[in-house]
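The values are calculated or read from the model by the stated rules, or taken from the named source; none is laboratory data. Quick caveat, the model's predicted, so the values are computed rather than measured. Note that each Cβ is placed from the backbone with ideal geometry, even for glycine, and that neighbours are counted across all protein chains shown. Just the protein is used for accessible areas: all its heavy atoms, side chains included, with ligands, DNA and RNA removed. Shrake-Rupley method; radii C 1.70, N 1.55, O 1.52, S 1.80 Å.
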Amino acid sequence: GTIPTQFGLLTNLRVMSLIENQFEGIIPTQLGRMSDLEFLNLADNQLSKKIPSQLGSLKQLSVAYLYYNALTGTIPTQLGQAILMTDLALGANYLTGSIPASFGNLKNLRSLSLSENYLTG
């Protein structure tokens, strides 16, 4: 099944871990409304299409694991607005294009995994 769009209404939620399930389809843009979210783990599912730019509006987000999915397109530059990000893992997808220059804003970043994609610089 898909990730319910209603999760976007959970504005007090701090941790969301849906790792190693059978979720497919898109990452709902509504997740960008989860204003207190600090930890997002959607790894090892069957999610596809683009990473929603709305995830960059999650000002409390410090960890985002989206690896081992089937995500496509470019990495949204808006992810560079999540300035508390310490760990970002986007490996093992089908991402293309370049690494956004906005990642230079992620001064707290300790771990960045972009391996096993189709990035060009």
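For this structure, a couple of remarks:
- Taken over the range 72-102, the criterion of being in contact with a Lys or Arg (Cβ under 6 Å, 6 or more places away or on another chain) and in a loop (DSSP other than H, G, I, E, B) is satisfied by 86 alone.
- Considering only residues in the range 39-53 that are outside any strand (DSSP E or B) and under 12 Å from the mean Cα position of the chain (by Cα), the one that is surrounded by the most Cβ atoms within 10 Å (Cβ to Cβ) turns out to be 51.
- Boolean, residue 20 is modelled with pLDDT of 95 or more and closer than 18 Å to residue 4 by Cα: yes
- Looking only at the range 1-51, and only at residues there that are among the β-branched types (Val, Ile, Thr) and out of contact with any Pro (no Cβ under 9 Å at 6 or more places or on another chain), the one that is nearest to residue 87 (Cα to Cα): 15
- Applying the condition of being touching a strand residue (DSSP E or B) at 6+ places or on another chain (Cβ under 7 Å) and assigned to a loop (DSSP other than H, G, I, E, B) to the range 24-38 and asking which residue is nearest to residue 110 (Cα to Cα) yields 38.
- Hey, residue 9 over 14 Å from the mean Cα position of the chain (by Cα), open to solvent by 60 Å² or more (accessible area, probe 1.4 Å) and more than 22 Å from residue 113 (Cα to Cα) or not: yes
- Only one of 91, 97, 56, 73 that is surrounded by fewer than 15 Cβ atoms within 10 Å (Cβ to Cβ), touching a Leu at 6+ places or on another chain (Cβ under 8 Å) and under 24 Å from residue 3 (Cα atoms): 73
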